[in-house]
1. What dipole magnitude, in Debye to the nearest 20, does the stretch 17-120 give about its Cα centre under +1 on Lys/Arg Cβ and -1 on Asp/Glu Cβ?
2. Towards the positive end of the charge dipole of the stretch 72-172, with charges on Cβ (+1 Lys, Arg; -1 Asp, Glu), say which of PRO155, SER142, GLY113 has the farthest Cα.
3. Can you tell me the mean projection area, over all orientations, of the convex hull of the stretch 34-168's alpha carbons? Units nm², please.
4. Using a 1.4 angstrom probe on the protein heavy atoms only, could you order TRP258, TRP150 from most to least accessible area?
5. Summing -39500 (n - 2.57) over the DSSP H runs of n ≥ 4 in the chain and dividing by its residue number, what mean residue ellipticity at 222 nm do you reach, to the nearest 500 deg cm²/dmol?
6. PHE50 to LEU129: FRET efficiency via 1/(1 + (r/R0)^6), r the Cβ-Cβ distance, R0 22 Å, to the nearest 0.05?
7. Have a look at the stretch 40-80 and give its Rg and Dmax from the Cα atoms, expressed in angstrom.
8. Could you work out how far apart the two model spin labels at ASN57 and LEU164 are, taking each label as a point 7 Å from the Cα in the direction of the beta carbon, and quote it in nm?
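The values are calculated or read from the model by the stated rules, or taken from the named source; none is laboratory data. Fair warning: this is a prediction, and the values are worked out from it, not measured in the lab. Using ideal geometry, Cβ is built from the backbone for each residue, glycine included, and neighbour counts are taken over all protein chains shown. What goes into the accessible areas is simple: the full protein's heavy atoms, side chains included, and nothing from ligands, DNA or RNA. Shrake-Rupley method; radii C 1.70, N 1.55, O 1.52, S 1.80 Å.
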Amino acid sequence: SRRSQDRRAVSPTKPNMEETQADVYIGACAVEGCEPNVHVSELLATSKGFLLELSANEQALGRKGGAALAAMLRGDTGLTVLKLEGCDLYDGGVSAVCEALFRHPTVFRLDLGYNGLRALKPVARLLELSPSLLCLDLSGNSLAPSLLGWSPLAPLADALGSDLCRVQLLQLGNCDLGPRGAESLAEGLSKNTSVVNLVLDENDLNARAALALQKMLLVNRTLTSLDLRHNSLGDEGAKALAPALGAAGCSLGCLVLWGNCIGPVGAGYVAAALATNAADTGSGQSGGLEVFFVPNLLCV
């Protein structure tokens, strides 16, 4: 009847209760067929939708857990720091997280160290698409070149050379880069205008790697801090770096070289380069560049 239709028209409806971040994560875990991580679940439940930092370091999320976390991230708009070091994500989990962050408006720091990561295409794509990412940590992922000489860093290097890249801090310590990896990375950084702090400690870098970095430093005018501690540069590596350190346009303000078995000969090359830089700038100082390599003197 008309009266019953009118009653139905004005009868109150139940409000749609929005899912919380914890609900989304737990539901995604059910879809992926994995147990929700207790630590992550508690963080999401207690944040009440206002989570600024999610730190899940050393939580064994696994690939499926990474995909479940990505489902939550796709609906988030306020997270700024995401720490996922040592979470056993591997390529599948990292890919899911990166894809979820492609358009995320606020995440500026992402830690993906020690996750068994090898395929860097999703990470490279993130560097080009993210409107907010400034700090990226990939430390402890084995990125050694293949037996045929191809470097897994190639996609990342291409992204670093893109005008779209905004990353300012890049950490690649203990990644088994070797000389080939350094060459690939240096190629991308030669075109980069955003990275100011680069960490390459413990990567078995030698004089060949130093030569690649020298060529990059001669054209890069953005990098201000370079950490090369605990590699295998030796005196020849110091010699290879010296021309870039002595160049008038060198942008470096800090260079860490300790743990490279650089003796008095290598230190002499560096000192001469710094003296040249100071003379060219007319300031009496080496352009503000500080070089730390004193512990190397134990290797003479």
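1. Charge dipole of the stretch 17-120: 260 debye, to the nearest 20.
2. Comparing the listed Cα positions along the dipole, PRO155 ranks first.
3. Directional mean of the projected Cα hull area for the stretch 34-168 stands at 7.7 nm².
4. Sorted descending by solvent-accessible area, the residues read TRP150, TRP258.
5. So the helix-based figure for the chain works out to -13000 deg cm²/dmol.
6. For PHE50 and LEU129, the calculated efficiency is 0.30.
7. 10.1, 26
8. Going by the 7 Å Cα→Cβ label model, 3.1 nm.
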